[in-house]
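Down below is the structure, laid out as structure tokens.
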Amino acid sequence: MLTNLLSGDRPRSLILTLLLLAILAALALAPFLFPGVRSLETAARICIFIVLVASYDLLLGYSGIVSFAHTMFFGLGAYGVALTSTHMGRGFDALIVGTLAGAVAAAILALLIGLFSLRVRAIFFAMITLAVASAVAVLVSQLSGLTGGEDGLNYSIPRELTPAFKLGKLFGISVTGKILNYYLVFFASLALFLLLLRIVNSPFGRVLKAIRENDFRAEAIGYRVVLYRTLATCLSAAVAALAGSLFAIWLRYVGPATTLSFEIMLDILLMVVIGGMGTMYGAVIGTTIFVLAQNYLQNLMGVAASATEGLPLIPQLLDPDRWLLWLGVLFILSVYFFPTGIVGRLRAED
């Protein structure tokens with residue numbers, strides 16, 4: 001049954017299996033294992049970004065398509081929920097309508113971009129997606145009457161998903177709507193990840209791999225390369241929009257900096273490379289490592305700087321303000337020692 005649930009795509013590495021089980025258990029029990037606002041925020045962000053990174057890997061790793069517009073689709077899903085919640089009021093109907101509207105809008109926009117751009121060479125397609133994403137980000141910033149501009153939108157979600165909703169205690173932890181919100185994010189993210197796993201291990205996914213390896217040969221044996229790439233782009237965009245909707249439901253705030261920023265696009269690329277391209281499990285490993293480093297590396301460096309206070313030079317190098325430098329060093333080391341990503345390396349060793 002577990003093999004069917006994973007669409008026949010087993011981790012194929014004992015170490016990788018243990019890592020994935022540890023991450024799954026930690027995320028599933030996060031409200032009880034790691035009580036606290038910051039740890040719950042980190043766990044929710046990991047869940048959402050696993051889906052976002054996996055949806056991008058459907059393009060980059062499985063289809064060989066380089067796109068810089070993924071945060072645009074992510075933002076469409078987030079703004080869909082924000083706008084419907086603002087205009088329809090706090091209710092589950094607003095969340096459902098916003099989520100569906102964002103996914104449909106992302107798929108339609110991806111279809112238009114794909115039909116007009118996927119016939120050109122890869123580098124030109126990447127530049128086109130970058131231009132479209134930049135134009136949408138500028139448009140969102142300028143339409144302040146609708147989108148809130150640079151300030152973004154704050155909105156209300158159903159009370160059952162907020163800290164004000166109390167359910168009692170479980171294992172000594174006060175169960176509130178915030179925890180219910182977290183489990184909504186967790187189970188929705190898990191379902192979307194399993195859906196992507198099913199897609200890449202289906203006949204459709206195998207055709208995408210064939211196109212990635214040699215698109216001329218795939219076209220020669222009868223596959224319509226542009227059609228398959230366009231469908232992959234639409235699927236990837238729709239799932240990214242659904243991840244954006246979950247992010248909006250969790251955060252209760254949407255702004256250009258939190259959903260449309262090019263920095264998020266760079267983070268997605270880093271997570272894909274760290275985990276390993278062309279494997280859904282790479283999204284899990286890469287996202288978990290990267291988000292944990294983003295949230296806790298600065299604190300760890302502060303502890304290390306205090307512990308080495310009497311030594312020359314080392315406390316200055318470990319100053320928490322230099323955490324981005326060390327994050328870059330960690331990324332360079334991961335690429336050097338794991339050129340096929342962590343998952344690729346672990347699978348090769350077994």
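Could you derive backbone 3J(HN,Hα) for the stretch 23-37 from the dihedral phi with the Karplus parameters 6.51, -1.76 and 1.60 (θ = phi - 60°), listing whole Hz in sequence and x where the residue is Gly or Pro?
5, 4, 5, 5, 6, 5, 10, 3, x, 9, 7, 10, x, x, 5
Looking at the chain as a GNM with Cα springs under 10 Å, which of A30, A305, A69 has the largest mean-square fluctuation?
The residue that fluctuates most here is A305.
Using 1/(1 + (r/R0)^6) with R0 = 35 angstrom and r between the beta carbons of N295 and L146, what's the FRET efficiency to the nearest 0.05? It would help to have the intermediate numbers written out before the result.
Working: r = 32 Å, r/R0 = 0.92.
Efficiency, rounded to the nearest 0.05: 0.65.
What ratio of Cα Rg to 2.2 N^0.38 Å holds for the stretch 63-195?
Values: Rg = 18.3 Å, N = 133, 2.2 N^0.38 = 14.1 Å.
Against the empirical 2.2 N^0.38 Å value, I get 1.30 for the stretch 63-195.
Using a 1.4 Å probe over the heavy atoms of the protein chains, calculate the carbon and sulfur portion of the accessible area of the stretch 1-50 as a whole percent.
74
Cross-link candidates for K178: which lysines have Cα within less than 16 Å, leaving aside residues fewer than 8 places away along the same chain?
Straight-distance partners of K178: K166, K169.
Can you give the local net charge around F290? Use residues other than it whose beta-carbon is closer than 11 angstrom to its beta-carbon, Lys and Arg +1, Asp and Glu -1.
0
Compute the Rg/Rh shape ratio of the chain: radius of gyration over Kirkwood radius, all on alpha-carbon atoms.
Working: Rg = 20.8 Å, Rh = 21.3 Å.
Result for the chain is an Rg/Rh of 0.98.
Find the accessible area per residue for the chain; the probe is 1.4 Å, ligands and nucleic acids are left out, and the unit is Å².
Each residue of the chain exposes 48 Å² on average to a 1.4 Å probe.
For the stretch 68-107, just say rounded, prolate or oblate: build the C-alpha gyration tensor, square-root its eigenvalues into a ≥ b ≥ c, call rounded for a/c under 1.5, and beyond that prolate if a/b exceeds b/c, oblate if not.
prolate
Whenever you get a sec, compute what percent of the accessible area on the stretch 243-320 sits on carbon and sulfur atoms (1.4 Å probe).
Result for the stretch 243-320: 69 percent of the exposed heavy-atom area is carbon or sulfur.
No solvent, one uniform scatterer per C-alpha: report log10 I(q)/I(0) for the stretch 169-308 via the Debye equation at q = 0.15 1/Å, two decimals.
Computed log10 I(q)/I(0) values: -0.98.
Which whole-Hz couplings ³J(HN,Hα) result when phi for each residue of the stretch 264-275 is put into the Karplus expression 6.51 cos²θ - 1.76 cosθ + 1.60, θ = phi - 60°, listed in order with x for Gly and Pro?
With the stated coefficients, the stretch 264-275 comes to 5, 4, 5, 4, 4, 4, 4, 5, 5, 5, 5, x Hz.
Enter the mean projected area of the convex hull around the alpha-carbon atoms of the stretch 1-114, in nm², rounded to one decimal.
With the hull built on Cα positions only, its mean projection is 10.1 nm².
For N4 and L313 in one chain, what is 0.36 nm times their gap in residues minus the Cα-Cα distance, to one decimal in nm?
That works out to 105.8 nm of additional length.
In nanometres, what is the gap between the two model label sites at A257 and V329, each 7 Å from Cα along Cα-to-Cβ?
Roughly 2.8 nm, to one decimal.
How long is the stretch 252-350 along each principal axis, judged by its Cα atoms, biggest number first, in Å?
46, 43, 19
Report ³J(HN,Hα) in whole Hz for each residue of the stretch 172-183, in order, from the Karplus equation J = 6.51 cos²θ - 1.76 cosθ + 1.60 where θ = phi - 60°; Gly and Pro get x.
x, 9, 6, 8, 10, x, 5, 5, 4, 4, 4, 5
Averaged over every viewing direction, what's the projected area of the C-alpha convex hull for the stretch 230-294? Give it in nm², one decimal, please.
Spelled out: convex hull of the Cα atoms, projected over all directions, averaged, 4.9 nm².
What is the calculated FRET efficiency for L21 to R206, with r their C-beta to C-beta distance and R₀ = 25 Å, to the nearest 0.05?
0.40
Under a cut-off of 29 Å between alpha-carbon atoms, report the lysines in cross-link reach of K209, not counting same-chain residues fewer than 8 places apart.
Counting by Cα, and skipping residues close in sequence, K209 has no lysines nearby.
Is it possible to state the helix-based mean residue ellipticity at 222 nm for the chain, with each DSSP H run of 4+ residues giving -39500 (n - 2.57), the sum divided by total residues, to the nearest 500 deg cm²/dmol? What is it?
-24500 deg cm²/dmol
Please list, ordered by chain and number, the residues whose modelled amide H lies under 5 Å from the amide H of R252; skip anything fewer than 5 residues away on the same chain.
none
Gain in length, L227 to A135, computed as 0.36 nm per residue apart minus the alpha-carbon separation, to one decimal in nm?
Length gained, L227 through A135: 30.6 nm.
Per the Kirkwood formula on distinct C-alpha pairs, the Rh of the stretch 42-95 is how many angstrom?
Numbers: mean 1/r = 0.0780 Å⁻¹.
Every distinct Cα pair counted, the radius reaches 12.8 Å.
Could I have the simple spin-label model distance between K169 and Y336, label points 7 Å from Cα toward Cβ, reported in nm to one decimal?
In this crude label model, K169 to Y336 measures out at 5.1 nm.
The values are calculated or read from the model by the stated rules, or taken from the named source; none is laboratory data. Since this is a predicted model, take the numbers as computed values, not measurements. In this analysis, Cβ positions are derived from the backbone assuming ideal geometry, glycine residues included, and neighbour counts consider all displayed protein chains. Surface areas here come from the heavy atoms of the whole protein model, side chains and all, with no ligands, DNA or RNA. Shrake-Rupley method; radii C 1.70, N 1.55, O 1.52, S 1.80 Å.
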